[in-house]
Structure formats: C-alpha cells, structure tokens
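Working notes, structure below.
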Amino acid sequence: MGIRIPLPEMESIAPEIRVLVESFPMNVARMMANSPASVKGFLELAQSILFYSAFDPRKREIAVLRVAHVTNAVYEWTHHVVLAKNFDISDKEIEIIRTEEPVTSLAEEGNLLCLVADEISRNVRLSDDALSKILERYGTQGATELILCVSYFNFLSRFLESTRVELEQI
C-alpha cells in the first residue's frame with residue numbers, strides 16, 4: 001500500500017464533527033474530518049446535490065459515472081455504479097459510459113449528459129454549444145444543477161484520488 005493521507009480514528013474526531021461524519025458513514029466523510037472546518041459544508045453540498053436537487057437522479061448518475069470514468073476515480077465509480085443501478089441504469093449503459101470516447105451509443109440525452117461531464121472534467125469550461133443544449137433541454141435551474149453536480153463530482157474525484165481514500169466494503 002503506497003503513501004496516503006490516513007483516515008482519522010473516530011475517537012480522535014471532535015464530538016460535533018464526529019456526529020456529522022457518523023451521519024454519512026463513508027470513508028470520504030472520515031477523510032474530510034481531517035479538515036474539520038469543511039465537514040459541515042462538504043456534507044451539506046453533497047446532500048443538496050444527491051437528495052434535494054430537482055435534477056432527475058437517473059440523469060445525474062449518468063453524468064456522475066462519466067465524471068468518475070474521466071477522472072479515474074475508482075472510489076467514486078464504485079459507489080455510483082451501485083446508485084446508478086438503483087435508478088435503472090443498465091449494465092450495458094454503464095459499460096458504454098466507461099468505454100466510449102466520446103459516448104455516442106446512449107440515447108441522445110445520455111450522450112449529452114456525458115458530453116457535459118467530459119467537457120467540464122477535461123476542459124473546465126463547458127462549450128457554448130453544450131451550454132446552449134442543456135439550457136434548451138433543462139432550463140436555467142436544470143442546467144445550473146447539472147453543471148453544479150458535474151463540478152462537485154470533479155472536486156470530489158480529485159479529493160478522493162489525491163488523498164487516496166480507501167474504498168469501503170460495499
């Protein structure tokens with residue numbers, strides 16, 4: 001096992017932070033506890049995207065899987081394959097998201113979601129063409145929520161991979 005930032009022992013985490021980490025019992029939350037000032041905001045943003053956003057969760061998971069693939073984030077990929085299946089994303093669709101460069105074999109909307117994930121992950125800035133397409137398809141709120149989701153999971157993949165968060169047994 002190579003170099004990594006260690007997960008803090010639960011007993012060493014301040015009680016008010018420990019409560020937050022225990023509410024999200026994953027190694028990513030434990031790793032975030034190494035930066036106590038950020039735990040609450042990190043978890044609130046994650047929850048807003050995963051549980052409170054109006055953006056369709058099936059569409060979200062297609063975009064998240066593509067981000068995880070493009071950024072080589074094994075932790076993120078592994079957890080979101082499970083979530084994707086809960087939202088009726090098939091094994092065939094998951095394989096397409098993982099292997100095609102660019103993704104062209106999904107339905108038109110899935111291809112667009114993967115394009116958005118590709119452009120933000122690789123180029124940082126979404127192209128005018130892709131932005132125009134998601135504004136037309138999803139409106140201002142939906143386009144904003146999709147961009148926020150893809151941006152958040154890009155942040156997360158970089159955090160996970162750079163700290164080398166270990167995958168839990170799932």
Collect the residues in the range 86-143 that are in a loop (DSSP other than H, G, I, E, B) and among the basic types (Lys, Arg), keeping them in residue-number order.
125
I'd like to know if the range 130-143 contains one or more residues that are over 21 Å from residue 158 (Cβ atoms) and within 17 Å of the chain's Cα centre (by Cα).
yes
Does at least one position in the range 4-14 carry a residue that is touching a Leu at 6+ places or on another chain (Cβ under 9 Å), in contact (Cβ under 8 Å) with a residue 12 or more places away in the chain and part of a helix (DSSP H, G or I)?
no
Odd one out for residue 152, checked against (1) in a helix (DSSP H, G or I); (2) surrounded by 13 or more Cβ atoms within 10 Å (Cβ to Cβ); (3) free of Cβ contacts under 8 Å to residues at least 60 places away in the same chain
(3)
In the range 99-146, how many residues are among the small types (Gly, Ala, Ser) and at positive phi?
1
Which of (1) part of a helix (DSSP H, G or I); (2) surrounded by fewer than 21 Cβ atoms within 10 Å (Cβ to Cβ); (3) among the aromatic types (Phe, Trp, Tyr) does residue 75 not meet, given it meets every other one?
(2)
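Throughout, read-outs are computed from the coordinates displayed, never taken from laboratory work. What you are looking at is a predicted structure, and each value in this text was computed from that prediction instead of being measured. With ideal geometry, Cβ positions are generated from the backbone for all residues, glycine too; neighbour counts draw on all protein chains shown.
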